[in-house]
């Protein structure tokens, strides 16, 4: 499964469990958040005030 900015946090963590550490560094507690199943990486970045490009780079994900 290809992970993009429109993938959910849940899918990100399933595909790349090591991403939890990156999310924590950005102050995102997505691992235990019930919203993570439906919230996209793009939405989470916006809600947390994090530039999407910066978050995606830290996660090692290239936008298609």
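Scanning region 25-43 for residues that are within 10 Å of the chain's Cα centre (by Cα), assigned to a helix (DSSP H, G or I) and modelled with pLDDT of 90 or more turns up 41, 42, 43. Looking only at residues in region 44-64 that are outside any helix (DSSP H, G or I) and within 11 Å of the chain's Cα centre (by Cα), which one is modelled with the lowest pLDDT? Among those that are outside any helix (DSSP H, G or I) and within 11 Å of the chain's Cα centre (by Cα), it is 61. Are any residues in region 6-22 part of a loop (DSSP other than H, G, I, E, B) and either out of contact with any helix residue (DSSP H, G or I) (no Cβ under 8 Å at 6 or more places or on another chain) or without any contact (Cβ under 8 Å) to a residue 24 or more places away in the chain (or both), and if so, which ones? Across region 6-22, the qualifying residues are 17, 18.
The values are calculated or read from the model by the stated rules, or taken from the named source; none is laboratory data. Note that the structure is predicted; figures quoted are calculated from it, not measured. Please note: Cβ atoms are built from the backbone with ideal geometry, for glycine as well, and neighbour counts cover all protein chains shown.
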